[in-house]
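Asks: Pasting a structure below so you can have a look.
A short reminder: the numbers here are calculations on the coordinates, not readings from a lab. What you see is a predicted model; the values in this text were computed from it and never measured. Every residue, glycine among them, receives a Cβ derived from its backbone with ideal geometry; neighbour counts consider all protein chains shown.
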Protein chains: 2
Amino acid sequence: MASADEAIYREIADAILQGRLKAGTKLPEHKLAAIFGVSRERIRKLLHRLAAERRLEIIPNRGCFVPRPSVADVRMIYEAHRVFEAGVIEQLLRRLDDRILQALDAHLAQEREAAGRGDRAASVRLSGAFHLLLTDSLGNAELSRFLRELLSRSSLMVSVYEPAQSSVCAVDEHAGIVQALRQRDLATALRLSREHFTHIENRLNLEHAGGPDADLAALFASREP
Amino acid sequence: MASADEAIYREIADAILQGRLKAGTKLPEHKLAAIFGVSRERIRKLLHRLAAERRLEIIPNRGCFVPRPSVADVRMIYEAHRVFEAGVIEQLLRRLDDRILQALDAHLAQEREAAGRGDRAASVRLSGAFHLLLTDSLGNAELSRFLRELLSRSSLMVSVYEPAQSSVCAVDEHAGIVQALRQRDLATALRLSREHFTHIENRLNLEHAGGPDADLAALFASREP
DNA sequence: CTTGTGCCAAATGTGCACAATTTGTATAAC
DNA sequence: GTTATACAAATTGTGCACATTTGGCACAAG
């Protein structure tokens with residue numbers, strides 16, 4: 001079967017996105033090969049593909065690691081978010097319609113519901129999905145793809161630098177952006193978007209280092225029985 | 001030596017960017033391996049890397065091709081350019097200084113000089129480099145990288161769809177954007193940037209199909225004697 | 001002359017074995 | 001006790017041989 005590779009690719013990518021794979025974790029080729037029951041060469045190709053997308057980092061002759069973003073990386077990624085979303089919002093106001101606004105409202109409802117029942121994992125996931133929804137609304141696959149790479153990296157930063165007691169308070173800020181969009185208020189939407197990313201960035205504790213490595217076999221154990 | 005791969009990578013990427021590799025051209029692995037004097041596996045890895053960056057297209061069991069962008073691709077890429085550069089300009093106005101403006105002026109001078117002596121190849125190259133310079137001025141490697149991928153694809157579109165007699169008139173439009181930046185006129189800069197990409201897009205002849213394939217060996221013959 | 005079928009050549013995909021590099025450890029010298 | 005060196009184990013990198021798939025060509029039937 002040809003799409004087994006795709007399944008493994010998604011499994012690893014999701015593990016990074018959901019923070020199950022901690023920064024700094026080493027991913028040895030033959031260990032992954034044994035876990036997923038495929039040859040080492042298959043794994044190899046996947047890892048290089050993920051590295052090309054900046055989701056993993058390959059150090060020659062050393063191995064493949066979950067990237068441990070530096071403070072400079074944090075600044076860079078969140079600035080990229082700010083710049084990128086400014087462009088998205090400016091374009092979005094040119095083609096905003098009821099269908100898009102309804103989708104945004106529905107998403108905000110999901111976010112509120114997850115926050116209401118204290119589901120932190122869902123909140124984190126939906127928080128990223130909000131920005132993806134904004135971009136996807138433009139219907140431009142190229143822009144969506146770039147944002148996906150950015151999100152993959154910023155979710156790593158949250159899991160590395162975010163203090164454990166942090167409250168996920170982003171829902172209101174997301175709602176503010178949607179409100180500004182509904183009112184066709186470009187300046188406010190741009191300002192709120194910028195501030196939103198700056199808030200997330202400032203909430204990070206850049207002195208705090210990463211945690212210990214996880215058990216790979218246990219991590220990927222949730223596969224069809 | 002480890003950086004031989006990098007050299008070959010750049011050679012192929014540049015060949016696409018400069019339009020020496022026409023859309024639709026097939027890149028057979030063993031043929032490239034013979035041309036560059038390396039093993040087929042080396043080439044293989046490079047091609048997959050270029051494919052991950054959307055610079056080449058790999059069809060499973062069929063081979064590797066220079067992408068032949070569809071009309072929908074053209075719309076998508078130029079919209080991505082418009083959205084992306086809007087964000088770039090908005091951020092650039094927040095950190096614009098004399099050093100950046102001088103670099104932009106110097107670039108415009110280069111463009112005018114190339115246009116003056118009718119050097120079409122240089123004009124095309126500098127035209128792309130202008131937008132890259134705008135983005136590079138933000139000092140954000142992630143944004144620069146994305147733009148490079150976009151440029152790689154749009155240069156293909158120009159070489160496929162642009163009618164031969166087209167005049168490279170972009171210098172004035174570039175100068176207009178710089179002037180608006182210098183005057184801190186955000187609205188004008190955004191408008192000129194959008195219109196600029198729309199002009200390029202509209203100049204393309206979307207009915208015109210691609211040309212014939214080139215001779216690979218001759219194409220890559222310009223290597224150290 | 002067009003269409004359908006089967007075979008052959010060529011190109012890509014994959015696994016294996018071996019080479020090269022790095023890291024950790026043990027030992028010895030200072 | 002610290003440092004340096006050498007060796008060993010483990011991990012990644014590479015080339016080769018073989019399997020698989022595809023596209024074209026020939027040939028025959030309608």
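Asks: Given the DSSP H assignment, sum -39500 (n - 2.57) over each helix run of at least 4 residues in chain A and divide by its residue total; what's the result at 222 nm in deg cm²/dmol, nearest 500? The partial results should precede the final answer.
Replies: On the way: 10 runs with 149 residues, N = 225.
Computed mean residue ellipticity for chain A: -21500 deg cm²/dmol.
Asks: Also, I was wondering about something else. Based on the Kirkwood radius over alpha-carbon pairs, what value in µm²/s does the Stokes-Einstein equation return for the translational diffusion coefficient of segment A:4-68 at 10 °C and 1.306 mPa s? Could you put the intermediate results ahead of the total?
Replies: Details: Rh = 11.6 Å.
Result for D is 136 µm²/s.
Asks: Shape call for segment A:71-203 from the C-alpha gyration tensor, a ≥ b ≥ c root eigenvalues: rounded (a/c under 1.5), prolate (a/b greater than b/c) or oblate?
Replies: Details: a/c = 1.64, a/b = 1.24, b/c = 1.33.
Oblate shape, in that a/c is at least 1.5 and b/c is the bigger or equal ratio.
Asks: Can you find, among A:LEU133, B:ALA175, A:VAL171, the residue sitting farthest towards the positive end of the charge dipole of the protein assembly as shown, where Lys and Arg contribute +1 and Asp and Glu -1 at Cβ?
Replies: Of the options given, the answer is A:LEU133.
Asks: Same structure again: For segment A:1-132, what's the relative contact order in percent, using C-alpha pairs closer than 8 Å and at least 6 residues apart?
Replies: Working: 79 pairs, mean separation 25.5, N = 132.
Once normalised by length, the contact order is 19 percent.
Asks: Convert each backbone phi in segment B:104-121 into a coupling constant with the Karplus relation 6.51 cos²θ - 1.76 cosθ + 1.60 (shift: θ = phi - 60°), then list the ³J(HN,Hα) values in order as whole Hz, x for Gly and Pro.
Replies: 5, 4, 4, 5, 4, 4, 4, 5, 5, 5, 5, 5, x, 8, x, 7, 5, 4
Asks: Considering every residue in B:83-93, what mean count of other chain Cβ atoms within 10 Å of its Cβ is obtained?
Replies: On the way: counts 14, 9, 1, 7, 13, 4, 4, 8, 8, 1, 0.
For peptide B:83-93, the averaged partner shielding equals 6.
Asks: Here is the link list: A:LYS31/B:LYS31; A:LYS45/B:LYS31; A:LYS31/B:LYS45. Which ones come out longer than 27 Å on Cα distance? Walk me through the numbers on the way to the answer.
Replies: Values: A:LYS31/B:LYS31 35 Å; A:LYS45/B:LYS31 22 Å; A:LYS31/B:LYS45 22 Å.
Result: A:LYS31/B:LYS31 exceed 27 Å.
Asks: Considering the rotational relationship between chains B and A, which residue of chain B contributes the beta-carbon of minimal distance to the axis, and what is that distance to the nearest Å?
Replies: Nearest Cβ to that rotation axis, in whole Å: B:GLY87, 2.
Asks: When a/c reaches 1.5 or more, the comparison of a/b and b/c decides; with that in mind, is the protein assembly as shown rounded, prolate or oblate per its Cα gyration tensor? Working shown, then result.
Replies: On the way: a/c = 1.82, a/b = 1.12, b/c = 1.63.
It comes out oblate by the Cα gyration axes.
Asks: Taking +1 at the Cβ of each Lys and Arg and -1 at the Cβ of each Asp and Glu, which of B:TYR161, A:ASN202, B:VAL83 sits farthest along the dipole of the protein assembly as shown towards its positive end, judged by Cα position relative to the Cα centre?
Replies: With unit charges placed on the Cβ atoms, the residue in question is B:TYR161.
Asks: Now, a different point. Relative contact order for chain B using alpha-carbon pairs under 8 Å, separation at least 6, rounded to a whole percent? Mind showing how you got there, number by number?
Replies: Details: 228 pairs, mean separation 66.0, N = 225.
Reported as a whole number, the value is 29 percent.
Asks: Put the label 7 Å from Cα along Cα→Cβ for B:ILE59; what are its distances to the other copies, in nanometres, shortest first?
Replies: Those label-point separations list as 4.2 nm.
Asks: Going 7 Å from Cα along the Cα-Cβ axis for the label, what nanometre distances separate A:VAL38 from the same residue across the other copies?
Replies: With the label placed 7 Å along Cα→Cβ, A:VAL38 yields 2.4 nm.
Asks: If you place +1 on the Cβ of every Lys and Arg and -1 on the Cβ of every Asp and Glu, how big does the dipole about the Cα centre of segment B:56-108 come out, in debye to the nearest 20? Mind showing how you got there, number by number?
Replies: Numbers: 7 positive and 8 negative charges, 47 e Å.
It comes to approximately 220 debye.
Asks: Put the label 7 Å from Cα along Cα→Cβ for A:ARG182; what are its distances to the other copies, in nanometres, shortest first?
Replies: The projected label point of A:ARG182 is separated from its counterparts by 4.5 nm.
Asks: Something else: How long are the semi-axes of the equivalent ellipsoid of chain B, defined as square roots of 5 times the Cα gyration tensor eigenvalues? Whole Å, largest first. Provide the component values of the computation, followed by the final result.
Replies: Values: eigenvalues 212, 74, 57 Å².
The three semi-axes for chain B are 33, 19, 17 Å.
Asks: Around B:ARG68, which amide H atoms from residues at least 5 apart in sequence, or from another chain, sit under 5 Å from its own amide H, with H modelled in the peptide plane?
Replies: Long-range HN contacts for B:ARG68: B:GLY24.
Asks: Once each part is reduced to its C-alpha centroid, what is the distance from segment B:72-128 to segment A:17-33 in angstrom?
Replies: Cα centroid to Cα centroid, the span is 40 Å.
Asks: In percent, what relative contact order does segment B:71-203 have, based on Cα pairs under 8 Å that are 6 or more apart in sequence? Intermediate results must be reported in sequence, preceding the final value.
Replies: Values: 94 pairs, mean separation 52.5, N = 133.
Over segment B:71-203, the number comes to 39 percent.
Asks: Hey, another quick one. Separation between the A:GLN183 and B:ASP105 pseudo-spin-labels, each 7 Å from Cα along Cα→Cβ, expressed in nm?
Replies: Placing both labels 7 Å beyond Cα along the Cβ direction yields 4.2 nm.
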